[in-house]
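Read-outs throughout are calculated quantities, based only on the coordinates presented, and are distinct from any laboratory measurement. In this text the structure is predicted, and so the values were computed from the model without any measurement. Cβ: placed from backbone, ideal geometry, glycine included. Neighbour counts: every protein chain shown.
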Amino acid sequence: QDPALLLKQEGAPMISVALSTAECDGKGVVALRGELDTADAASVAAALAVVAASQPEIIVDLSCLEFIDSSGVAALARGRKLARHAGGDLLLAAPQQQVLRVLVLTRLIEVFSVHASVDQAAGNGRSSWPAAGSPVVLAVT
């Protein structure tokens, strides 16, 4: 069942972020759109838990996520922990500059497997983008 639909049926509609699910090469793909902050972090974590229970290999598509705060990052970390506990992993794909900046500043870029696209994450789940040890250049404004 679609985790977003499940959450809405349980009375927890999301405020700032839209969540949709799909499948790509046997992996669950969770696409986030909008802003992932404290208002929706618990709902996103719950949705990732639902996905991890049935498809422990999860790709989170961040291409349309414009903002993430510490509670949003914590939701992704909880999802990763659950996926790993189920024998899989949670991979991040296509983060926008603002989201990538948060991952770099929190040093989570070194923890999560981050990929340039969902297709890259699905086809080569262990190689990160940028390559491990490569410098990440961000324009700070």
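The set of residues from the stretch 103-122 being part of a helix (DSSP H, G or I) and crowded, with 20+ Cβ neighbours inside 10 Å comprises LEU103, ILE109, VAL118, ALA121. Counting the residues of the stretch 15-71 that are surrounded by fewer than 24 Cβ atoms within 10 Å (Cβ to Cβ), outside any strand (DSSP E or B) and not hydroxyl-bearing (Ser, Thr, Tyr) gives 15. Name the single residue that is surrounded by the most Cβ atoms within 10 Å (Cβ to Cβ) among those in the stretch 77-102 being assigned to a helix (DSSP H, G or I) and charged (D, E, K, R). Looking at the filtered set, the residue picked out is ARG80.
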